[in-house]
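Asker: Structure below; questions to follow.
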Amino acid sequence: MLSPRNVHILRIGRYRVLNHLGGGGSSDVYMAEDTLLRRKVALKVLRVRDADGTQSRHFDREARTASLLNHPNVVTIYDVGREADVQYIATELVDGETLRERLDRGPLTIMEAIDIASAAAGALAAAHEAWLVHRDIKPENIAIRKDGLVKVLDFGVSVLRGDGDATDPIRRPGALVGTLHYLSPEQVRGEPIIDNRSDIYSLGVVLYEMLCGHVPFRGEQVMDTLAQIVEREPDPLPGLVHWKLRDVVMAALRKNLYDRPQTMAEIVTTLNDIRLELQIRERSRTA
């Protein structure tokens, strides 16, 4: 079985594994060399052997759903395959860092936050046009290349709107899927229909975190956090944040999904308008 300790001697199909980049859930991600095309890739490898094939189906779905999208802010799928008992997905290698790593280095400027959120929203707007709901938007699933290009990662728990498969736990209506602090109220409540407005909420949490340095709801226990997501209103954003930006964040975080912006395209347009206004204001100030 592939493990971080023996990557230096391993080869999977045409991929020569170079080093371990990270992991979570049921998979690990490695930097590898595609020996055929002579390029570096990120190789995501299924770690567990599941008797009923559930994890394998999730893995296959991640590749299929991400490959439906052709957008500069969505990570590109290069290859999917199996080698002996190893299942893998090869994607473009993002030369940079995740948003989580960036946040850990210190606060972002308002313009940086707008740029990252706008790019991620553009990627999600494309996903939603393809009827895909990501369901796990968080800083760990947003990467920033060294040249500044933002990439949305990991469609492993995404779902096609209206696709309910009772044999698949993460597609079953009411299944709680996602990451605690970024769950929408309707996800917490286990509502049967989860759509693009849940991604809008989760991106609102990410934008709030970029502007404040912390997520809006942080209970001492898991159940406390879940209760806050459903019942409590977020604390106001700092006064230095442009009022239009405050409005779009707070609108995205509304408890009732019908009170939020209804499409990710609206978020993109609003953020781009705010960016332009701030740029004009800065040019006027320095003229």
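Asker: For the stretch 80-120: of the residues being farther than 21 Å from His214 by Cβ and among the hydrophobic types (A, V, I, L, M, F, W, C), which is modelled with the lowest pLDDT? Before you say what the answer is, go through the steps one by one.
Answerer: Filtering the stretch 80-120 for residues farther than 21 Å from His214 by Cβ gives 80-96, 118-119.
This time we only want the ones that are among the hydrophobic types (A, V, I, L, M, F, W, C), so: 80, 84, 86, 89-90, 93-94, 119.
Numbers: Val80: 85, Ala84: 76, Val86: 83, Ile89: 88, Ala90: 92, Leu93: 92, Val94: 91, Ala119: 97.
Filtering first and then ranking leaves Ala84.
Asker: In the stretch 205-213, is there at least one residue being out of contact with any His (no Cβ under 6 Å at 6 or more places or on another chain), modelled with pLDDT under 95, of a type outside the set (Ser, Thr, Tyr) and farther than 14 Å from Ile114 by Cα?
Answerer: Yes, some residue in the stretch 205-213 is out of contact with any His (no Cβ under 6 Å at 6 or more places or on another chain), modelled with pLDDT under 95, of a type outside the set (Ser, Thr, Tyr) and farther than 14 Å from Ile114 by Cα.
Asker: Mind telling me which of the residues Leu108, Leu124 ends up being among the aliphatic types (A, V, I, L, M), surrounded by 17 or more Cβ atoms within 10 Å (Cβ to Cβ) and part of a loop (DSSP other than H, G, I, E, B)?
Answerer: Values: Leu124 fails: part of a loop (DSSP other than H, G, I, E, B).
Among Leu108, Leu124, only Leu108 is among the aliphatic types (A, V, I, L, M), surrounded by 17 or more Cβ atoms within 10 Å (Cβ to Cβ) and part of a loop (DSSP other than H, G, I, E, B).
Asker: Now for a different question. Name, by its number, the condition in (1) at pLDDT 90 or above; (2) in contact with a Leu (Cβ under 9 Å, 6 or more places away or on another chain); (3) not assigned by TED's automatic domain parsing to the domain that holds Ala120 that does not hold for Asn19.
Answerer: Here Asn19 clears every test but (2).
Asker: So is Gln262 assigned to a loop (DSSP other than H, G, I, E, B), of a type in the set (S, T, N, Q) and surrounded by fewer than 17 Cβ atoms within 10 Å (Cβ to Cβ) or not? Write out each step before concluding.
Answerer: Numbers: assigned to a loop (DSSP other than H, G, I, E, B): yes; of a type in the set (S, T, N, Q): yes; surrounded by fewer than 17 Cβ atoms within 10 Å (Cβ to Cβ): yes.
Here the answer is yes, as Gln262 does meet what is asked.
Asker: Just to check your reading of the model, which residue among Val249, Val241 is within 19 Å of Ile114 (Cα to Cα) and modelled with pLDDT of 95 or more? Outline the logic, then answer.
Answerer: Values: Val241 fails: modelled with pLDDT of 95 or more.
It is Val249.
Asker: Being among the polar types (S, T, N, Q), assigned by TED's automatic domain parsing to the domain that holds Leu153 and out of contact with any Leu (no Cβ under 8 Å at 6 or more places or on another chain) is true for just one of Thr179, Thr225. Which residue is that?
Answerer: Being among the polar types (S, T, N, Q), assigned by TED's automatic domain parsing to the domain that holds Leu153 and out of contact with any Leu (no Cβ under 8 Å at 6 or more places or on another chain) holds for just one of Thr179, Thr225, which is Thr179.
Asker: Looking only at residues in the stretch 207-233 that are of a type in the set (Val, Ile, Thr) and in a helix (DSSP H, G or I), which one is surrounded by the most Cβ atoms within 10 Å (Cβ to Cβ)? Steps first, please.
Answerer: Within the stretch 207-233, the first condition is being of a type in the set (Val, Ile, Thr), and the residues that meet it are 215, 222, 225, 229-230.
Checking the rest, the ones that are also in a helix (DSSP H, G or I) come to 222, 225, 229-230.
Details: Val222: 9, Thr225: 19, Ile229: 26, Val230: 16.
Here the residue is Ile229.
Asker: Same structure, new question: Return yes when Gly174 is exposed (fewer than 14 other Cβ atoms within 10 Å of the Cβ), in contact with a Phe, Trp or Tyr (Cβ under 8 Å, 6 or more places away or on another chain) and either over 22 Å from Glu140 (Cβ atoms) or at pLDDT 75 or above (or both) and no when it is not.
Answerer: On the way: exposed (fewer than 14 other Cβ atoms within 10 Å of the Cβ): yes; in contact with a Phe, Trp or Tyr (Cβ under 8 Å, 6 or more places away or on another chain): no; either over 22 Å from Glu140 (Cβ atoms) or at pLDDT 75 or above (or both): yes.
Here the answer is no, as Gly174 does not meet what is asked.
Asker: For the subset of the stretch 179-197 comprising residues that are among the polar types (S, T, N, Q) and closer than 26 Å to Thr109 by Cα, which member is surrounded by the most Cβ atoms within 10 Å (Cβ to Cβ)? So that I can check it myself, show each step before the final result.
Answerer: Going residue by residue through the stretch 179-197, those that are among the polar types (S, T, N, Q) are 179, 184, 187, 196.
Keeping just the survivors that are closer than 26 Å to Thr109 by Cα gives 179, 184.
Details: Thr179: 17, Ser184: 28.
Among those residues, the one meeting the criterion is Ser184.
The values are calculated or read from the model by the stated rules, or taken from the named source; none is laboratory data. All values reported here derive from a predicted model rather than from experimental measurement. For neighbour counting, all protein chains shown are included, and Cβ atoms are generated from backbone atoms with ideal geometry for every residue, glycine included.
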